[in-house]
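Below: the structure, in structure tokens.
The values are calculated or read from the model by the stated rules, or taken from the named source; none is laboratory data. Quick caveat, the model's predicted, so the values are computed rather than measured. Glycine gets a Cβ as well: all are built from the backbone with ideal geometry, and neighbour counts include every protein chain shown. Just the protein is used for accessible areas: all its heavy atoms, side chains included, with ligands, DNA and RNA removed. Shrake-Rupley method; radii C 1.70, N 1.55, O 1.52, S 1.80 Å.
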Amino acid sequence: MNIQYLFKELYHRRRRTLTAIFSLAVGLAILITINALSMAYNKASRIPLKEIGADITVQRAGNVPEDLTGPVFACSAVTIKNDEIKQIQQLPGIDGFAQALLLWVFDEDRFTIMLGIDGENPVGPGTLRSEVIDGNFFEKGKHQALAEISYARTYNIQTGDQITIAKKTYMISGIVDASRATKIAAANIYLDIDDAQKLARESKQIQAVSPFGTKDANILFIKANSSHIEALTLSIKNILGEKASVATPASFLKSLGSLFALSDKFSLATSLIALIVTILIVLKTMAGNLAERANEIGVLKAVGWSNKNIASQLAGESIIQCLMGGILGLILSFIAASLLGLIQVNIPIPWEMSPTPHFLPGGGDPVFKTLQLPVTISWSLTAFSILLSVVVGAVASYLLSNHISQIKPSEVLRNE
Amino acid sequence: MNDILTATGLNKAFDNLQVVKDVSLTIQKGEFVCLVGKSGSGKTTLLSVLSGLEQPTSGEVTINGTSITNSLENDLALFRRKSIGFVFQSFNLIPTLSAWENVALPLFPVKMDREKRKERAMELLGQMEIDHRAEHRPSALSGGEKQRVAIARALVNYPEIIFADEPTGNLDSETSEAIMNILKHLHKQKGLSILMVSHDQELAASCDRIIHMKDGEVIS
Ligand SMILES: Nc1ncnc2c1ncn2[C@@H]1O[C@H](COP(=O)(O)OP(=O)(O)OP(=O)(O)O)[C@@H](O)[C@H]1O
Ligand SMILES: [Mg+2]
């Protein structure tokens with residue numbers, strides 16, 4: 001392969017070169033962008049759960065409380081028994097596990113959502129430890145609690161205050177800004193799960209609708225490798241029965257409803273079409289190039305170039321063109337990605353996962369996690385597309401090398 | 001042995017069309033031979049068979065003691081690169097390459113410094129007296145200049161024989177004469193063997209020997 005000849009050919013036949021480069025670039029950019037978009041939706045669908053330090057949340061639906069006084073369970077989160085919890089905990093593929101207890105408390109003067117949490121656990125709402133904006137995280141066994149900032153404002157609560165909810169008094173150890181962190185299992189007051197369990201156990205309303213034992217809970221948070229999530233979901237549903245409601249990235253992806261989110265098959269099909277069209281364009285450009293240069297190839301043969309010499313020269317040209325097309329395609333993709341990254345997506349959080357009573361102002365309003373679509377082009381996608389473009393160039397020239405050997409050098413004597 | 005080229009019993013047919021019929025001829029080292037005949041008489045076909053651009057249907061061609069019939073395509077290409085130079089009626093220069101790169105074209109597959117190649121090409125362009133156009137591409141050259149570049153290209157590999165198919169066919173009479181003078185000079189001064197096809201009886205008259213062709217046969 002002669003580099004000098006190669007670049008002169010590409011440079012002096014600019015129109016042809018640019019056509020080849022651009023068509024490859026556009027095809028590749030479509031391919032990359034679709035994949036990046038599909039990955040972005042996948043990533044976005046993991047965010048609501050990730051914010052609460054989990055990959056799966058588990059609840060069980062039950063009956064509506066009969067009488068709204070004192071502590072009750074929202075109908076979307078009733079008792080999950082301790083022995084069920086233990087069974088779930090032992091399922092294979094679980095990397096982290098936490099339980100919590102969500103209570104609605106109807107007092108004379110106010111309504112409070114309380115979440116009993118395991119503050120030491122890095123999985124689940126324990127992650128709120130890093131969102132304390134005033135005071136400290138509550139200490140176990142001291143009847144302390146954290147107040148959510150907007151609730152604290154409404155009722156003028158400050159760090160160090162004593163508040164009484166469901167006839168029990170807690171010291172507010174700090175204020176937490178949960179809205180920034182999570183939309184799942186959002187509460188007004190966060191307290192130790194032992195305290196919450198005590199409240200639940202002593203509540204007649206709760207016991208009437210959904211018997212509750214000392215160590216039971218009503219929300220589980222599970223960390224798991226994405227390859228295990230599907231199997232885990234099935235097993236959990238087996239353990240908890242048909243009322244189980246299991247939220248996973250896949251369920252959020254479904255609720256996003258985008259074409260890209262809806263099906264991997266769509267992205268795969270579009271990618272394949274883009275790829276095939278690209279390869280066809282490259283092949284057609286090169287075949288045209290070959291036909292146009294039949295005489296030139298004859299001359300090369302006449303002056304003593306072997307088929308291999310010629311094939312490698314033309315392969316060099318096509319690989320360089322495809323490589324440049326690949327690079328341009330990547331640049332176009334990065335531009336497209338940064339534009340698509342401006343798109344805001346609203347991921348709907350199902351009411352069940354952060355229940356509020358419908359009859360209260362704002363209760364039952366749809367809750368969304370709003371975020372910029374996290375479109376990024378990964379290194380692996382970058383490497384793949386560069387490799388792909390080079391392979392396309394090489395394969396195309398290999399497919400056409402047969403045509404080269406069919407050109408007869410004697411034809412150059414007859415081209416007047 | 002003083003023969004540079006020997007052909008015996010050559011036949012060439014395209015499908016059922018017999019274009020070269022039982023041709024036997026020899027060209028001596030340093031001889032300048034002209035092949036003349038009417039259009040369609042088979043001159044170009046004979047030249048392509050003699051030079052190894054095409055395989056004969058039957059018969060044998062030997063160049064400088066090497067039989068080139070029944071050789072593999074790649075071996076033939078290598079043989080042409082080492083021993084043969086071509087000059088065409090329509091120049092057949094590569095449009096994207098400069099004059100000197102066109103001259104060096106047969107050397108591209110040879111392992112060799114770029115500088116060495118250029119040196120050799122420039123030397124030949126100098127002999128053709130167009131070294132001042134070395135960096136120009138063919139589209140910027142006149143017909144005569146193009147043919148000088150083509151002759152330089154034919155000489156770049158120190159060939160044992162040059163095949164030229166109507167090298168002046170696309171040139172006006174004055175330029176034709178100049179090109180003929182170059183070929184004659186190469187023949188006289190360097191002792192180069194040349195086989196040239198020509199329509200022009202007048203140009204052919206200055207050759208050592210004339211071979212007449214008619215309907216695929218050598219008649220004298
Ligand atoms: N590849 C081919 N396939 C079929 N027929 C061919 C082929 N090449 C040449 N011929 C035929 O062979 C005959 C001789 O052609 P050739 O080009 O050798 O003649 P020529 O003497 O060089 O003519 P001219 O003086 O016009 O160049 C013609 O009738 C031509 O049509
Ligand atoms: Mg002819």
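Any idea which of B:62, B:45 is assigned to a helix (DSSP H, G or I) and either away from ligand 2 (no atom under 16 Å from the Cβ) or more than 21 Å from residue B:180 (Cβ to Cβ) (or both)?
B:45
Can you name the residue in region B:89-104 that is closer than 20 Å to residue A:414 by Cβ and facing chain A (nearest Cβ under 7 Å) and is also nearest to ligand 1 (Cβ to nearest atom) among such residues?
In this case the residue turns out to be B:89.
Here is a yes/no grid of residues against (1) away from every other protein chain (no Cβ under 13 Å); (2) out of contact with any strand residue (DSSP E or B) (no Cβ under 6 Å at 6 or more places or on another chain); (3) within 16 Å of ligand 2 (Cβ to nearest atom):
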| site | (1), (2), (3) |
| --- | --- |
| B:134 | yes, yes, no |
| B:138 | no, yes, no |
| B:166 | no, no, yes |
| B:174 | yes, yes, no |
| B:203 | yes, yes, yes |
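Filter region A:392-416 for residues that are over 26 Å from residue B:50 (Cα atoms) and buried (at least 20 other Cβ atoms within 10 Å of the Cβ); which is farthest from ligand 1 (Cβ to nearest atom)?
A:392
State the number of residues belonging to region A:67-85 that are out of contact with any Asp or Glu (no Cβ under 7 Å at 6 or more places or on another chain) and buried (at least 20 other Cβ atoms within 10 Å of the Cβ).
Residues that pass the stated criteria total 8.
So residue B:53 clears everything in (1) away from ligand 2 (no atom under 16 Å from the Cβ); (2) assigned to a loop (DSSP other than H, G, I, E, B) except one condition, right? Which one?
Evaluating residue B:53 over (1) away from ligand 2 (no atom under 16 Å from the Cβ); (2) assigned to a loop (DSSP other than H, G, I, E, B) leaves (1) as the failure.
Could you check, for region A:388-404, whether at least one of its residues is over 25 Å from residue A:324 (Cβ atoms), over 40 Å from the mean Cα position of the chain (by Cα) and away from ligand 2 (no atom under 16 Å from the Cβ)?
Looking for residues that are over 25 Å from residue A:324 (Cβ atoms), over 40 Å from the mean Cα position of the chain (by Cα) and away from ligand 2 (no atom under 16 Å from the Cβ), one finds at least one in region A:388-404, hence yes.
Only one residue in B:15, B:22 is open to solvent by 70 Å² or more (accessible area, probe 1.4 Å), within 9 Å of ligand 1 (Cβ to nearest atom) and charged (D, E, K, R). Which one?
Testing whether each residue is open to solvent by 70 Å² or more (accessible area, probe 1.4 Å), within 9 Å of ligand 1 (Cβ to nearest atom) and charged (D, E, K, R) leaves just B:15.
Within region B:25-75, track down each residue that is of a type in the set (S, T, N, Q), more than 11 Å from every other protein chain (Cβ to nearest Cβ) and away from ligand 1 (no atom under 16 Å from the Cβ).
B:26, B:28, B:58, B:62, B:64, B:66, B:67, B:69, B:70, B:71
One line per residue, one yes/no per condition, for (1) out of contact with any helix residue (DSSP H, G or I) (no Cβ under 8 Å at 6 or more places or on another chain); (2) among the β-branched types (Val, Ile, Thr):
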residue	(1), (2)
A:221	no, no
A:229	no, yes
A:244	no, no
A:254	no, no
A:279	no, yes
A:296	yes, no
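Taking region A:284-309 on its own, how many of its residues are part of a helix (DSSP H, G or I) and facing chain B (nearest Cβ under 9 Å)?
From region A:284-309, those part of a helix (DSSP H, G or I) are A:284-292, A:294-302, A:307-309; that's our starting set.
Within this subset, residues satisfying the condition of being facing chain B (nearest Cβ under 9 Å) are A:295-296, A:298-302, A:307-309.
Residues meeting the conditions: 10.
Just to check your reading of the model, which residue among A:333, A:255 is crowded, with 19+ Cβ neighbours inside 10 Å and within 23 Å of the chain's Cα centre (by Cα)?
None of the others qualify; the one that does is A:333.
Within region A:342-391, count every residue that is assigned to a loop (DSSP other than H, G, I, E, B), touching a Pro at 6+ places or on another chain (Cβ under 7 Å) and either among the hydrophobic types (A, V, I, L, M, F, W, C) or open to solvent by less than 60 Å² (accessible area, probe 1.4 Å) (or both).
So the count comes out to 1.
Looking at (1) assigned to a helix (DSSP H, G or I); (2) open to solvent by 10 Å² or more (accessible area, probe 1.4 Å); (3) out of contact with any Pro (no Cβ under 8 Å at 6 or more places or on another chain), which is the only condition residue A:36 fails?
(2)
If residue A:16 satisfies all but one of (1) open to solvent by 20 Å² or more (accessible area, probe 1.4 Å); (2) more than 14 Å from chain B (Cβ to nearest Cβ); (3) touching a residue at least 40 places away in the same chain (Cβ under 8 Å), what's the number of the condition it fails?
(2)
Tell me, which strands (runs of 3 or more DSSP E) wholly within region A:150-194 include 3 or more residues that are closer than 26 Å to residue A:216 by Cβ and open to solvent by less than 50 Å² (accessible area, probe 1.4 Å)?
Strands (runs of 3 or more DSSP E) meeting the threshold: A:168-176, A:189-192.
Going by what's in this entry, would residue B:86 be described as touching a Phe, Trp or Tyr at 6+ places or on another chain (Cβ under 7 Å) and either facing chain A (nearest Cβ under 10 Å) or modelled with pLDDT of 95 or more (or both)?
It is true that residue B:86 is touching a Phe, Trp or Tyr at 6+ places or on another chain (Cβ under 7 Å) and either facing chain A (nearest Cβ under 10 Å) or modelled with pLDDT of 95 or more (or both).
Here's a check for you: in region B:4-29, which residue that is closer than 16 Å to residue B:54 by Cα and in contact with a Leu (Cβ under 6 Å, 6 or more places away or on another chain) is farthest from ligand 2 (Cβ to nearest atom)?
Top of the filtered list is B:7.
Results for (1) touching an Asp or Glu at 6+ places or on another chain (Cβ under 8 Å); (2) touching a residue at least 12 places away in the same chain (Cβ under 8 Å); (3) not in a helix (DSSP H, G or I), shown as yes or no for each residue.
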{"site": "B:117", "(1), (2), (3)": "no, yes, no"}
{"site": "B:126", "(1), (2), (3)": "no, no, no"}
{"site": "B:136", "(1), (2), (3)": "no, yes, yes"}
{"site": "B:139", "(1), (2), (3)": "no, yes, no"}
{"site": "B:153", "(1), (2), (3)": "no, yes, no"}
{"site": "B:163", "(1), (2), (3)": "no, yes, yes"}
{"site": "B:182", "(1), (2), (3)": "no, yes, no"}
{"site": "B:206", "(1), (2), (3)": "no, yes, yes"}
{"site": "B:211", "(1), (2), (3)": "no, yes, yes"}
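Between a residue in region B:1-20 that is in a strand (DSSP E or B) and any residue that is polar (S, T, N, Q) and within 16 Å of ligand 2 (Cβ to nearest atom), which pairs come within a Cβ distance under 8 Å, given they are 6 or more apart or on different chains?
B:12/B:45; B:19/B:45; B:20/B:45
When residues of region A:86-137 are filtered for being open to solvent by 50 Å² or more (accessible area, probe 1.4 Å), part of a helix (DSSP H, G or I) and modelled with pLDDT under 90, how many remain?
The qualifying residues number 2.
Can you tell which of B:105, B:47 is open to solvent by less than 50 Å² (accessible area, probe 1.4 Å) and closer than 20 Å to residue B:194 by Cβ?
B:47
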